[in-house]
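Engineer: Have a look at this one before I ask anything.
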Amino acid sequence: MKRLPPRSSLLLVALLAACGGGGGGGIIPGIGGGGGGGGTCAAGLSQASGGGAVDAATIAPSVANEIVLQLRPGANIAQVAADYGFTVRSQFGSRPIFLATVASDRTVASTLAAMAGDVRVLYAEPNLIGAAPEGRRCSVWSIGSQSAFQTQWAPEALRLAAAQGLSQGDGVRVAVLDTGAELTHPLLASRLARRGDGTLLGRDFVDDDADPSERGSRADAGYGHGTHVAGLVALTAPGARIMPIRVLDPSGGGNVWVLSEALLYAVDPDGNPATDDGAHIINMSIGTIQPTSLLVNAVRLASCEIDDDDDEDDFADAGFDDDRERCVGRRGAAVFAAAGNSGSATEQQYPAAEARTVPGALAVTASTEARRLASFSNFGNWVQVAAPGEGITSSVPGGGYGVWSGTSMASPIAAGVAALVTLRPAPDPQGFSGLRAWSPRDLVTRVNDRTAALCGSTSLRQIDAFAAVSDSSGLDPSCP
């Protein structure tokens, strides 16, 4: 299991929509990420010093006085807390993972440094925060139309009509972890996932309630992002059922504890591993530039990639028994994550970059109508595939439509293609049927393998919806 040392670097959970996506929109504080669509924003994420021992002088912004830690099997949290003077605030279900507040006479940095050699502690790290960069102002969405939504360039580039002739993604649950969604939007209202009693299958982890509605106004940097992202799932897989899960506030900020809780809620909303009420696919158009142990393990748990090749099993504790039971029943989710908008070959976004070591996850960057990598898109050997992400029309609050650019737009399109594939014959069902015939790993592999060439790129390829759904070769474009 990949485990990370304590970090002293800034982590920002931020929206990955490019600022300036199409122009003409209201001017509001900028969204983390940035670069594409003609925008002039710099990257919205920054990094302080690297890993290793935490130094009080270099500790990065985090939720004030909070730490996250996982204990090894048999360790007693009450004793560890007493030894270091922290107070446990929350536990990650029954797992030996805890959110804690450090003692008033100590700092996060000094507490983590003191714990660094404790054999009872598997890892300990700050509960790192997300925030929109201060002082940045960008154009977010420009006003679009329903007709533009229906006739835009992306579906043709994906051969989507042919793919939807084979599958509409009926009944596939796609969780969208974002700023929430406008639940009454005409595009979304009939496509929301619901329980047997008719109640919404979703949650707000920001306000800790059952209403994941989009909050805020156009004066807020993140406003409308989740609604736009959810609409692209609907565009690509009109029969899918969307699980809106709010993890970011109107400014587009959040923290890793909340994001990780939401990931595991998405695959098991009722907390019963024996029931099949969770997502088949998770979209995360959000990210950080710094990995954390908690988030990578949450992605592994959600996608059921929990078999350890290391000498020490990070999931050996009995507190992970429900996860094991859920995964034995093949009730995990393929995780699709946006690669980021800094136009960088070196910056890596997480959890997208974890896809290198988590076979049930996929890193998605953005392409243009000219079938080229978008100028704002991050790229590199950790990015696996591209999807349309420049000048994309989708739903926005107020019942309307807007145009936005970013890898945030590419990722839900890829997730939607995966929803279409889920209705097709699986390569290795292992006795499972219906929507669980596909494992997250097999689903990601199919979407990633059945692709078409991207002009100007020797290795990166673009999703081909029809190729993925029909299990055929992608149709390469004629590049100038």
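Engineer: Just want to confirm a number: the relative contact order over the stretch 406-480, from Cα pairs under 8 angstrom separated by 6+ residues, in percent.
Structural biologist: 26 percent
Engineer: Counting Lys and Arg as +1 and Asp and Glu as -1, what is the net charge of the other residues whose Cβ lies under 10 Å from the Cβ of Arg450?
Structural biologist: -1
Engineer: Can you check what the net charge comes to around Arg95, using other residues whose Cβ is under 9 Å from the Cβ of Arg95 (Lys, Arg +1; Asp, Glu -1)?
Structural biologist: After counting each charged neighbour, the total is -3.
Engineer: How much length, in nm to one decimal, is gained on full extension between Cys455 and Asp313, taken as 0.36 nm per residue of separation minus their Cα-Cα distance?
Structural biologist: Answer, rounded to one decimal: 46.8 nm.
Engineer: Quick check: pseudo-label points 7 Å beyond the Cα along Cα→Cβ at Leu200 and Glu369, how many nm apart are they?
Structural biologist: It is 3.4 nm.
Engineer: By the scheme Lys and Arg +1, Asp and Glu -1, what is the net charge of all other residues having a beta-carbon under 15 Å from that of Leu192?
Structural biologist: Neighbour charge sum, excluding Leu192 itself: -1.
Engineer: How many angstrom lie between the Cα centre of the stretch 180-203 and the Cα centre of the stretch 256-294?
Structural biologist: Computed from Cα coordinates, the inter-centre distance equals 18 Å.
Engineer: So if each residue of separation counts as 0.36 nm, and I subtract the Cα-Cα distance between Asp211 and Asn381, what length gain in nm does that give?
Structural biologist: Full extension of this stretch gives 57.3 nm more.
Engineer: Rounded to a whole number, what % of the accessible area of the stretch 389-480 do carbon and sulfur atoms account for, probe 1.4 Å?
Structural biologist: Here carbon and sulfur together make up 47 percent of the probe-accessible area.
Engineer: Along Cα→Cβ, 7 Å out, is where each label goes; now give me the distance between the ones at Asp170 and Gln430 in nm to one decimal.
Structural biologist: 2.8 nm
The values are calculated or read from the model by the stated rules, or taken from the named source; none is laboratory data. As the structure is a computational prediction, the values presented were derived from the model and not from experiment. Positions of Cβ are generated from backbone atoms using ideal geometry, with glycine treated the same way; all protein chains shown enter the neighbour counts. These accessible areas exclude ligands, DNA and RNA; they are computed on the full protein's heavy atoms, side chains included. Shrake-Rupley method; radii C 1.70, N 1.55, O 1.52, S 1.80 Å.
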